[in-house]
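Everything below concerns the one structure shown next.
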Amino acid sequence: MKDASNGFGPVPLLTSWNVESHIYLIIGANPLAASRCAKSIEAGAKPVVIAPETTNLHYTLSEHISRGDAQLIRREFRDEDVTKLGREEVDRVVDTVFVTLGASHPLSAHISRLCQRLRIPVNVSDAPDLCSFSLLSTYSDGPLHIGITTSGRGCKLASRLRREISAFLPAKLGSAIDRLGSVRRRLWEEDHAAGLGEANADGEGDDDDALGQKHTFNSLVMENDASAAKTRRMRWLSQICEYWPLRKLASITDEDIETILQAYSADKKSSNEQELVNGAQSPSGISQKGRIVLAGSGPGHPDMLTRATYKAIQSADIILADKLVPAPVLELIPRRTEVHIARKFPGNADQAQEELLQMGITALRKGLRVLRLKQGDPYLYGRGAEEFDFFRAEGYTPVVLPGITSAMSASLFADIPATHRGVSDQVLVCTGTGRKGAAPEPPAYVPTQTVVFLMALHRLSALVESLTTNLPEDATRSRPLWPKETPCAIVERASCPDQRVVRSTLEHICLAFEEAGSRPPGLLVVGASCHVLHRPAHDQKWVIEEGFHGLDGLQLESDAAMSVIEAQ
Ligand code: SAH
């Protein structure tokens, strides 16, 4: 199971506090005191600076004080200050204390002890042992705040990391978050007024992702499930936050938002056509026959793209992407290219599919180069052949490009050899969800088989039950059951930086998944091959492995090659 301390001592609890009008006591008047004072004011707190007459006031401190943002008490610190200078509503106990005198000053240890006894958060400069909390190196963009700590191992490194992380984020992300936040509030209010509050009680208001994604995040919703349909706008919003590339989220337009707000309506098709009229045009302006490529984009990592698909991405006029197409792949799309991501949220798969097909046809009729980009391989649970058929019937036969399927690559990246001499001599790829959500026939037990279940995690426990126990409908025939000790693994977001592998057996996998929460997309691998390269210790019911390292060595080589090229 997860080791909470990670081998580096306990993990600090990072929180974000509302400290408006709180009284922050700052002991000292040096530049650090000035910076603590500025930070406190920024957070809406009211700093009170205590420094004897003999100490020089840092000039920004004097400015804060003369502006009335901070209060100055010109004398030595007294113990009673911490219980007398605070807000009336908390019996005058101050809310937080910053001591800026350094570790060796005798008052530092004394004030630290006093505060800790009274449960007042205290921070003493350069003395981690005397602190009950420390400040983070922060980056802010509107409502977005990112804090970094190296747990006192090097504050310069924390601020460097902050710079690097913030440079990685797209511009205007803060205002996009703000807009998405108001949409979310509006949807919540409307749904709530319509009595749908419960259905939306997904805890999303909290940034706390302790639960990760609930293991029901991707639960199946039927096309005709009326109550789920009513909350589909909220689901759609959750899903674009999960799947859209950050760059696209950051540049979300009022039009995009309006589309989210409008429930689906019959006239949607014509508005899409409108969108295209205003959107991509044949670059040459010359009338030419439209061309369509139907391509797979691999499991997630952009290096898993084939060169053919990469070329198709670079040369398309318009790209119609599935929701699951990984964000780093979408990031490769040139800015000039029009992109549409399927609005496939639970209960809307067919409509979203239809919508994209119509967009494709409209674009083809205008002579555009259309790329229909799918996740993994287009012909493996990708409805690829249906689309091929559709476009061919309209007179546009697609070029189909294969993609690396998650079914094979997820197990590979989890160190599971699909076949292995003496262990597994066959592989079965199947779906955990049948047509219209029905439970598909469970595969019979074959000891030398590796089975990969796609689209299965939302009904994991039912699937595991069907593999390991007799169902009522089995009464009349015998079906070999999978032993509960059969090794298995859940592999999620394979090849993405947040890849996660949960290794267990059929007996414990459901509990492990419930504890870990869901991180879609993910699949289940079952069979003895799961334990060929990783065999959990006897007393471990499951093991969770975080992160993707499958290309680590390669990355170094290509980086080195790049620097050689750059140096030339
Ligand atoms: N055509 C795709 C599969 C589409 S069905 C392919 O060849 O990969 C969608 C299912 O694929 C998801 O429910 C999940 O089971 C699986 N999947 C897709 N990407 C995945 C990934 N990166 N890691 C694990 N499973 C993935």
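The values are calculated or read from the model by the stated rules, or taken from the named source; none is laboratory data. The structure displayed is predicted, hence computed values, not measured ones. Counting neighbours? That spans all protein chains shown, and the Cβs are built from the backbone with ideal geometry, glycine included. The area values use the complete protein model at the heavy-atom level, side chains included, leaving out ligands, DNA and RNA. Shrake-Rupley method; radii C 1.70, N 1.55, O 1.52, S 1.80 Å.
For the condition at pLDDT 95 or above, closer than 23 Å to Ile544 by Cβ and open to solvent by less than 20 Å² (accessible area, probe 1.4 Å), Ser424 does not qualify. The test for being crowded, with 23+ Cβ neighbours inside 10 Å, touching a helix residue (DSSP H, G or I) at 6+ places or on another chain (Cβ under 6 Å), assigned to a loop (DSSP other than H, G, I, E, B) and touching a residue at least 24 places away in the same chain (Cβ under 8 Å) holds for Pro378. Going residue by residue through the range 418-432, is there one that turns out to be part of a helix (DSSP H, G or I), touching a residue at least 12 places away in the same chain (Cβ under 8 Å) and more than 14 Å from the ligand (Cβ to nearest atom)? No: the range 418-432 contains no residue that is part of a helix (DSSP H, G or I), touching a residue at least 12 places away in the same chain (Cβ under 8 Å) and more than 14 Å from the ligand (Cβ to nearest atom). Mind checking whether some residue in the range 455-465 is within 36 Å of the chain's Cα centre (by Cα), in the same structural domain as Gly422 (by TED's automatic domain parsing) and over 29 Å from Ala349 (Cβ atoms)? Scanning the range 455-465 turns up no residue that is within 36 Å of the chain's Cα centre (by Cα), in the same structural domain as Gly422 (by TED's automatic domain parsing) and over 29 Å from Ala349 (Cβ atoms). Based on what the data block shows, is Asp474 farther than 26 Å from Gln540 by Cα, more than 23 Å from the chain's Cα centre (by Cα), more than 14 Å from the ligand (Cβ to nearest atom) and at pLDDT below 95? Taking the combined requirement at face value, the residue satisfies it. Given the criteria of a type in the set (Lys, Arg) and within 14 Å of the ligand (Cβ to nearest atom), does Arg383 qualify? When the stated conditions are applied, Arg383 passes them.
Answer yes or no: is there a residue in the range 337-355 that is open to solvent by 50 Å² or more (accessible area, probe 1.4 Å) and part of a loop (DSSP other than H, G, I, E, B). The answer is no; no qualifying residue exists.
Before we move on, is Ser104 touching a strand residue (DSSP E or B) at 6+ places or on another chain (Cβ under 6 Å), assigned to a loop (DSSP other than H, G, I, E, B), open to solvent by 50 Å² or more (accessible area, probe 1.4 Å) and hydroxyl-bearing (Ser, Thr, Tyr)? When the stated conditions are applied, Ser104 does not pass them. Look at the range 521-550: where a residue is open to solvent by 50 Å² or more (accessible area, probe 1.4 Å) and a partner is assigned to a loop (DSSP other than H, G, I, E, B) and within 15 Å of the ligand (Cβ to nearest atom), sitting 6+ places away or on another chain with Cβ atoms under 6 Å, you get Leu533/Asp415; His534/Asp415.
Assess whether Val94 counts as being touching a strand residue (DSSP E or B) at 6+ places or on another chain (Cβ under 9 Å), open to solvent by less than 60 Å² (accessible area, probe 1.4 Å), closer than 16 Å to Leu114 by Cβ and in a helix (DSSP H, G or I). In short, no. The single condition among (1) under 20 Å from Arg535 (Cα atoms); (2) within 14 Å of the ligand (Cβ to nearest atom); (3) open to solvent by less than 40 Å² (accessible area, probe 1.4 Å); (4) not charged (D, E, K, R) that Ile509 does not meet is (2).
Within the range 485-506, can you find the residues that are within 13 Å of the ligand (Cβ to nearest atom) and of a type outside the set (D, E, K, R)?
Ala489, Ile490, Val491, Ala494, Ser495, Cys496, Pro497, Gln499, Val501, Val502
Show the residue pairs meeting these rules: Cβ distance below 6 Å; 6+ apart or different chains; first residue within the range 111-139 and of a type in the set (Asp, Glu); second residue surrounded by 14 or more Cβ atoms within 10 Å (Cβ to Cβ). Final answer for the pair search is Asp126/Gly102; Asp126/Ala103. Of the numbered criteria (1) more than 9 Å from the ligand (Cβ to nearest atom); (2) assigned to a loop (DSSP other than H, G, I, E, B), the one Ile404 fails is (1).
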